[in-house]
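No lab work stands behind these numbers, since they all come straight from the coordinates. Every value quoted in this text rests on a predicted model; they were computed, and no experiment measured them. Please note: Cβ atoms are built from the backbone with ideal geometry, for glycine as well, and neighbour counts cover all protein chains shown.
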Ligand SMILES: Cc1cc2nc3c(=O)[nH]c(=O)nc-3n(C[C@H](O)[C@H](O)[C@H](O)COP(=O)(O)OP(=O)(O)OC[C@H]3O[C@@H](n4cnc5c(N)ncnc54)[C@H](O)[C@@H]3O)c2cc1C
């Protein structure tokens, strides 16, 4: 059996041919707001990507071949390039321009947990760093092939660990291998009339192991819970041996080892197997749009929803800028968008109006109808106007579309990046304003006035997450410096505003400088102590998390 083919095209999102051209209205809006854009730029050819020489020693290579077989150790250009970066903005800039300072010296495709364990033992002895690789969709530099203090670095791709191992329909659990992608997992569960209900925007390509290693959140996590709430048990291969957490519904056996491993970002070991809490597959799904008269009304309405046990499974509230841009980008160039805006203005929802999407899933119509009525009643009490199902279902159909659009924007010379945080309800408005101002100031100060927009995407009784998108004209030749300036300003504003440095993208390399500001130096030392125990040679994903 040969090694699996790369799942995504090497320079962007999805596969070749799945492109997402921008509508004429959207292009006109971008030019009006960002200034004239440069001529279109395509990515360099694969042969022109600059790669460092591979430096894996012959001895190390022979040992790895003996473990997984020669066909599962790859060091060809395509394998090295597709494992050299994640899918954040800075990754795409480097890939498209062919400037890769780092690349794995080889890519390994183990076939089971025992091979993973043997690889870690061999790599620790040969001083080879190991970067666990799921879908490679990290946006925080999580799969950056850094050597740390090691002599070489390999990517450990879990694509062959792709099976559903067991389903327990009584306890409602499913045990799966870590390399399963979202669609493969949901398809396998559907055969048992079950679902996990975890739908991150990267769903098509990200994996169970990646979700667990990054504490991912899905679009329906307000209802189904984040991945950390869905993990019952897991097996993790570490250089010091296997840590296995048993599947019990709750435990008072000391501090949670499961919680230490979930979110460990490949720095402690490799997640090989996960037992997940699953649910009966919903027969009915309903998505609806609402308009709120202002962001303040929206925040308050969403707080009351979640604290009143009336939150939908999908709960999104766009700020006024995101509302305006979404309507323009949706292709509603003429009548539909204008008619909608007119309708809303007549009801007092002017330029400050905010679009909300609510989605409910359930096993029968009556349950979904009852939940929908409870949500709508509370939102109406906060001035909401119900816009019905067409916009809601349009959101559902386009929910995985934005990453394809990002490739097109980069070709047009437009920077587009996202970042996220969460805080308590009392701080949410100020945090939103602080991050918008920080991003706007950093980019405007460089002469590239941006569009900065945000939405609330996950509700908790104590607070909510905020997901920011910023768009600006790229500074030719200074793309990474421009990105760094914006990212640093936003990260400082997040900590100053009482937010977490990451609500679901994880720490990776990019957020590591801000981690001590969130968990304290002693907190970081605690994580380092765990790493010293499980990974004494320091081979696991160097340069990430701590
Ligand atoms: C367009 C786009 C949209 C996104 N939307 C969301 C979203 O809605 N919600 C969200 O939470 N995130 C989102 N992300 C971020 C990313 O998809 C998540 O972090 C995801 O969980 C990563 O999964 P992956 O399989 O691609 O992991 P990878 O990118 O391969 O790895 C991520 C990190 O986990 C480690 N890792 C991977 N597999 C394992 C394993 N088996 N054992 C140990 N460590 C491992 C890696 O070493 C790395 O540190 C998005 C990213 C993109 C590009």
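At a glance:
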read-out	value
Residues 469, 373, sorted so that the one with the fewest Cβ neighbours within 10 Å comes first	373, 469
Simple label model, 7 Å out from Cα along Cβ direction - residue 345 to residue 165, nm	6.0
Pairwise centroid distance, computed over Cα atoms, of region 54-85 with region 167-211, Å	29
Cα centroid of region 89-151 to Cα centroid of region 398-456, whole Å	29
Calculated Rg and Dmax of region 113-267 using C-alpha coordinates, Å	15.8, 49
Dmax and Rg, reported as Rg then Dmax, of the chain (C-alpha, Å)	23.2, 74
Added length on full extension, which subtracts the Cα-Cα distance from 0.36 nm per residue, residue 114 to residue 381	90.4 nm
Whole-number percent relative contact order across the chain, with pairs defined as alpha carbons under 8 Å at least 6 apart	17
Rg(Cα)/(2.2 N^0.38 Å) for region 41-180, N = residue count	1.14
Amide N proximity, region 216-240 versus residue 279 label position 7 Å along Cα-to-Cβ, cut-off under 20 Å	216-233
Contour minus Cα-Cα distance for residue 65 and residue 402 (0.36 nm per residue)	117.4 nm
Sorted by Cβ neighbour density within 10 Å, fewest at the top, the residues 114, 420, 521	521, 114, 420
Computed label-point distance, nm, for sites residue 480 and residue 309 using a 7 Å Cα→Cβ extension	5.3
Label-to-label distance, nm, for residues given as residue 246 and residue 462 (7 Å Cα→Cβ offset)	3.0
Cα centroid of region 360-397 to Cα centroid of region 283-315, whole Å	8
Difference of contour (0.36 nm per residue) and Cα-Cα distance, residue 192 to residue 40	50.0 nm
Diffusion constant of region 357-443 at 20 °C, which comes from Stokes-Einstein with the Kirkwood Cα-pair radius and 1.002 mPa s, µm²/s	127
Efficiency of FRET from Cβ geometry, residue 47 and residue 444, R₀ 35 Å, rounded to 0.05	0.35
